[in-house]
Every structure is written in structure tokens, then in C-alpha cells.
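What follows draws every value from the coordinates through simple rules; no lab data is involved. Keep in mind that this is a model prediction, so the values were computed, not measured. Cβ atoms come from the backbone with ideal geometry, glycine included; neighbour counts cover every protein chain shown.
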Amino acid sequence: MAKIQLKDVYKAYDGKEVLKNINITINEGELVALLGSSGSGKTTILHGISGIINFDLGNILINDQIINEVPIQKRNSVMVDQSLLLFPHMSVESNIAFGLKMRKKDKRYIRRKVDELIELVELKGHEQKFPNELSGGQKQRVAIARALAVEPNVLLLDEPFSKLDINLRKNMQVFVKNLQRKLNMTTILVTHDKEEALSMADRVALLIEGQIMQYDKPNKIYERPATKQVSDFFGKRNYISGTIKDGSFITKLGVFKTTFKDCDNITFVLRPEEINISNKSDFSINGIVESKVYLGDKIVYTINALNQELYCSTYGSKNFDLKSEVFINLDFKNAHFFK
Amino acid sequence: MKTKIIFKYIIIFFLILPLFLMVGWSIASSWPWPVIIPREFTLRGFAYTLSTSTQGFIILLRSVILSLIVTLITLIISIPAARAIAFYNFRGKTLIKVLILLPLIVPILSVAMGIHLSFIRLGFANNYIGVILIHVIPGIPYGVKILLNIFEINGDKIEIQGRVLGATPLQVMRHITIPLLTPGLIIAGSIIYIISFSQYFITFLIGGGRIVTYSMMLFPFVESGDRTMASAISIIFILSIIIVLIISEKLVGNFYARSSKYYV
């Protein structure tokens, strides 16, 4: 358990920049998600921290000590790969004991530690089994127990749940999150799944093309994105720009009352769930339903209003037909904006 | 269905039947055509091969040890070679791949003729060192190719995982690389052993006739048409290979079965 810092980290492969100027601090006991699409450099950061690769420039600090030159086996930053990489020729308990055995720990200590971890990850009764006799979730827990056995400075999870089916994935996310909280384990989770990042992490760092675009609490990064790029990553959103003059916001969609100060150019961000939609004329703007996507818990509509496309979502009980006329209400009171 | 049955009988006729004939010949002193069961029996062949006075048994033992040493050396050379080809990119990788497979294409005899001169100069001719070295050459392509495939299947990620968990490179080798390689080592080792055990002419050439291996014992009898002796020697030849392979597989297999339980 430790504080991890990356300072001005830079990495290029064959002249192609993978990481540019990465600065990030992960506090002790914090779970940070590195979120990004594939190729954004998130796994490269994990590999650099664990010592599998060296960064070209910049420093890695663990508890304020520079560890750039520490060899991989002494980093004590353990990674759980997405393919888990359990040792197929060793039983569950041998897998878990591996790191301690390599460190030549006392046999009684290893025994006690392994028993403790088996208990912790709920694998009692499976100690003597081999990896190929386990289910997906059990393998996952062995991999995590094996990493935790060596009491690492930081636990690095590289898309650990991506190969599990959806229900199991949800269970494992809760399981790992609880375990992390219980042990106060500094953890970095790499993922491309925004829901996973938002639900598990204490803080989320969004990586786009090797740069950290925003590093913030899940609700902040989702509701108050720093740039349009960040905002776009979390899904389709409505951007409504215009000018503010004497307490009114003037846009192509009409004029709205506002308490904001005068401003020449402002863009408000409205998430689909923030737009109210109705088939009676109680709202000011009317439009036509262009498309409709049924998602079970909600329905997402694309509405053409005054030649501008707006994305709205409603819960399943509200249902509008394609090409029908609807009325929408835009509320900018608490809306997020870029200037 | 019908073709399957036909194939079955073709296989029996060409592969299994000759073995029965050989067993028959090894204990028959006279077996004229068209008699089905030999008329007179003798244990002359087996007595010659296994008695200590003729040195047959000692030659057999020496050959087994020689081929085991060759197998060990070939595997020790093949492991790092296969690993390097599987995991690293370097200049001339394709060339080295071709060169390693070359002994399959170029007759070993021509290689041995060329090497013979150098061996004489270096003092490797007419002794065991030279014979062991020349036996290693035909085994290398099989060793490297089989282990290369195993390395490519396993990948190096699992070795890196071992490092991340705190193992030194040597520990990774001992606890991860070699155990995962074991199936390949058994297959490659068996093939290398059989190749080495069956070498006749290159042993004769490099050993200068002073080093006599078991397969060399066989040839004078085949040449002179002594079927009883040739069959007896061949049967012991086959049996010795089977016994050595079974024992080594059991030893290697057990060793790693135990090592898995060893951690806790």
C-alpha cells in the first residue's frame, strides 16, 4: 500500500508517441481507473509501473522514492492481466504461494498467508484444484489472491473482467471493490468500459491518444467534463451554443431566460436524460421523432427540432412513435457549459 | 468404411507382420519357405547380444549412455535457441531459422565428411567427444522446431507474470519455463534419442571404428545374411529404446508432478 506518482512520463514506440506528458498521483488506498479506448496508452502505463517496460522520459515514484531503475521482480507492483496467466502446472494454493515462495519466505508464514487469502477470496475447498478445473470467476479470484499474497505496493488490474460474461462481471466488480476497500489497497484499474470505471473507481483518469484529458471523481468527470472530447467519450450529448444578452440565452432553438452574465459565445451540454419530452403541447419546442432505439430500461430518441438533432432518452413507460410530433423542454438552469 | 478396413489390413501387413517374422527369425535356426512354424530353435542370437563375454551387452549399455548424453546436450542447446527465435526479433532471424533446419535437407554424411578433417585437427576424431558432437547435429532441427512451437503456444507473458510476482530470471526458468516446456522436452528428447541411437555411418567415420555403438553391431550380420543374429539384435534394439523412453518419461513426469505440490 503506497502512494504512486508519475511525473512527466513519455513513451514512444518506433517514433510513434504512445504516452505524452503523463502526470498523475494515486493516493494510498485509492482505486483509480484509467479509462480509454484501445490504443490510448493505458496498458502502457501499467506496464511501465510494473517494470515490464521502461518509460523513455519521466519518473515513477512510490512513496516519494524514484523507482525507475528498480528491476521488475523488486518493484512489488503486481499486475493481473486480462488473460489472468495462472500457472497451469500448479494447484490453486501453489499459484497463490508462488510470489512468497520466490521471496524465500518462511514456510509457516506462507501456509498461514495462503489460508488467509483462500478464505478472503472464497475459494475454500478448491485449494488442490488446477486452473483448468476452475470456472471463470474462480480463476479470476485466484489471480487476484496470487497478486495480493505478496502484499504489493500497488495492485494493477489490466482489464481483468473483460473476458467474463456480463452477470459475472458485475459480481466480480463488486467483489474486487469491496476487497480493495477492506484491505485499503492502492489499485489502478485499466478499462475501456465507462460504466466499470464510473462504478468502481474513487477517481477516473480519461486517456485519449496518450494524454490524460481529465482526472476527477466519477460524478465530476461524467457531469462536468472539462472539454467536449471528454464529454463525447461518455456518450451522445446535446451541445447547444448561442449568446447571452441581458438575461436571455439566444440560440437557433429559441430564446431562453437565464441568470448568466452576458457572453458572446457559450455552449451548454445537455445529457439525453436531462431533456424532457412530451406528446402534448406543454413545452415550447416541437420536433419530429427521427429514430428510436429501445434499450430495455430506457428508450433513446433522435428528434429533429428546427433542423437541429437532439438526443433524448425516456424510461420505458413513455413511448412515442416514429415520425410523430413531440414537444421538448430544455432547462439550462443547472446545465454544464463550455465557454 | 470399406477403405478403412483395407487400410487397417495394409498397416497390419506392412508394419506389424514383419515384427512377428523378426521375432520368429530371432529364435529360429532354420525356417525354410513355405513352413509356417520354424523347424529348429536356437537362442544363439540373444546369447550373443546379452552375454558379457562377447561385449554385446556392454556395447548396448555404452550406446544407451552415449545417446542419453547426446539427447541432453541437444536439448540444452535447443532450449535457448528455440526461445530466442520465438520471443526476440534480431537481424538474420530468418537465416538462422533456415540454417537450423538445414540438417534435415543436407545429408548428415556430407556434413560429417567435412567436419571430420576439422575434428582430426582438433583431436576430436576417434574418440567419444567427436562422436557425441557429430550425433548432436541431426537432432538439432527436431529439438529446436518442437520446442519453438511450444514456446510460441505458451508465449512469454506467463514468464513476465512470474517476474512481476517477484521471481528472478533463474527462478522463472526453473519454476515456469521448464515445467511448461516438459511435454515438448519429452517428445523432442525421444526423437533425438532415437536418431542418435540409430546412427551408424557417422559414428563409424568420426569414431574411426574404435567407438562401437549398438547399431554398428547389427551391420556385419545383416551384410553376411545371418538372419537369426540380425533379428535378435534388432529386437533388443527396439526393446532398449522403448524401455529408455518409458523410464525417462516417468522420471521427468514424476519430477514435475512433485514440484507442483512442493510450494506449500
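What percent does the relative contact order of chain B come to when contacts are Cα pairs within less than 8 Å and at least six residues apart? Relative contact order comes out at 27 percent. Counting Cβ atoms of other protein chains within 10 Å of each residue's Cβ and taking the mean over peptide B:165-176 gives 6. Projecting the Cα positions of B:ILE129, B:LEU147, B:HIS116 onto the charge dipole of chain B (unit charges on Cβ atoms of Lys, Arg, Asp and Glu, taken about the Cα centre) puts B:LEU147 furthest along the positive direction.
Dipole of the protein assembly as shown computed with +1 at Lys/Arg Cβ and -1 at Asp/Glu Cβ about the Cα centre; of B:GLY225, B:PRO179, B:ILE85, farthest Cα towards the positive end is B:GLY225. Trypsin sites (Lys or Arg not before Pro), restricted to the stretch B:1-101: which are DSSP loop and have at most 14 other Cβ atoms within 10 Å? In loop regions of the stretch B:1-101 (DSSP not H, G, I, E or B), the sparsely surrounded trypsin sites (Lys or Arg not before Pro) are B:ARG39, B:ARG91. Relative to the Cα centre, the charge distribution of chain A, modelled as +1 at Lys and Arg Cβ and -1 at Asp and Glu Cβ, gives a dipole magnitude of about 780 debye. For the stretch A:238-338, the dipole from Cβ point charges (+1 on Lys and Arg, -1 on Asp and Glu) about the Cα centre works out to 80 debye, to the nearest 20. In chain A, the DSSP beta bridges split such that about 75 percent are antiparallel, to the nearest 5. Close amide H contacts of B:PHE41 (hydrogens built in the peptide plane, cut-off under 5 Å, sequence separation of 5 or more or a different chain): B:SER29. Is any residue of the stretch A:276-296 close enough, with backbone N under 17 Å, to a label point placed 7 angstrom from the Cα of A:LYS252 along the Cα-Cβ axis, and if so, which? Inside the label zone: A:285-290. From most to least packed by mean Cβ count within 10 Å, the peptides B:121-127, B:224-230 give B:224-230, B:121-127.
When the pairs A:LYS139/A:LYS292; A:LYS236/A:LYS261; A:LYS20/B:LYS93; A:LYS129/A:LYS217 are compared against a 30 Å limit on Cα-Cα distance, A:LYS139/A:LYS292; A:LYS20/B:LYS93; A:LYS129/A:LYS217 fall above it. Between the beta carbons of A:GLU116 and A:TYR10, assuming R0 = 45 Å, the FRET efficiency works out to 0.65 to the nearest 0.05.
Cβ under 13 Å from B:ALA82's Cβ, B:ALA82 left aside: what net charge do those residues give with Lys, Arg +1 and Asp, Glu -1? My count for the surroundings of B:ALA82 gives +2. Spacing of the modelled spin labels on B:THR42 and B:LEU61, each 7 Å from Cα toward Cβ, amounts to 2.7 nm. Between A:ILE285, A:ILE22, A:ILE110, the residue with the greatest mean-square fluctuation in the GNM of chain A (Cα pairs under 10 Å linked by springs) is A:ILE285.
Legend: mean number of C-beta atoms from other chains within 10 angstrom of residue C-beta atoms, peptide A:83-90, equals 6. In terms of distances greater than 26 angstrom between alpha carbons, the cross-link table entries A:LYS42/A:LYS170; A:LYS11/A:LYS74; A:LYS74/A:LYS163; A:LYS3/A:LYS220 yield A:LYS74/A:LYS163. Each residue, B:ARG174 and B:ASN127, gets one label point 7 Å from its Cα in the Cβ direction; the gap between the two is 3.4 nm. Other residues whose C-beta falls under 11 angstrom from the C-beta of A:ILE221 contribute a net charge of +3, scoring Lys and Arg +1 and Asp and Glu -1. For peptide A:71-82, how many partner chain Cβ atoms fall within 10 Å of a residue's Cβ, on average? Other-chain Cβ atoms within 10 Å of each residue's Cβ, averaged: 4.
What does the charge count around A:ARG108 come to, taking other residues whose C-beta lies under 15 Å from its C-beta (Lys +1, Arg +1, Asp -1, Glu -1)? For residues surrounding A:ARG108, the net value is +4. Under 8 Å for C-alpha pairs, at least 6 residues apart: give me the relative contact order for chain A, rounded to a whole percent. Here the relative contact order equals 17 percent. Excluding the sites themselves, what is the longest stretch of chain A that contains no GluC sites (Glu not before Pro) in a DSSP loop with at most 13 other C-beta atoms within 10 Å? Between exposed loop sites, the widest span is A:123-339.
For the stretch A:263-334 versus the stretch A:161-225, the inter-centroid distance based on Cα atoms is 30 Å.
Note on B:TYR142, A:TYR13: ascending count of other Cβ atoms within 10 Å places them as A:TYR13, B:TYR142, the fewest first. The alpha carbon centroids of the stretch B:102-130 and the stretch A:73-98 are separated by 46 Å. A DSSP coil position with no more than 14 other Cβ atoms inside 10 Å describes the following chymotrypsin sites (Phe, Trp or Tyr not before Pro) in the stretch B:168-239: B:TYR200.
Cross-link partners of B:LYS97 among lysines, defined as those whose alpha carbon lies under 18 angstrom from its own and excluding same-chain residues fewer than eight positions apart: B:LYS145. Couplings for the stretch B:50-58, taken from phi via the Karplus curve 6.51 cos²θ - 1.76 cosθ + 1.60 with θ = phi - 60°, read 9, 7, 7, 5, 8, 6, x, 5, 5 Hz in order; Gly and Pro are left as x. In a reduced charge model with +1 at each Lys and Arg Cβ and -1 at each Asp and Glu Cβ, chain B shows a dipole moment near 540 debye about its Cα centre. Using Cα pairs closer than 8 Å and at least 6 residues apart in sequence, work out the relative contact order for the stretch B:1-42, in percent. Dividing the mean separation by the residue count of the stretch B:1-42 yields 25 percent.
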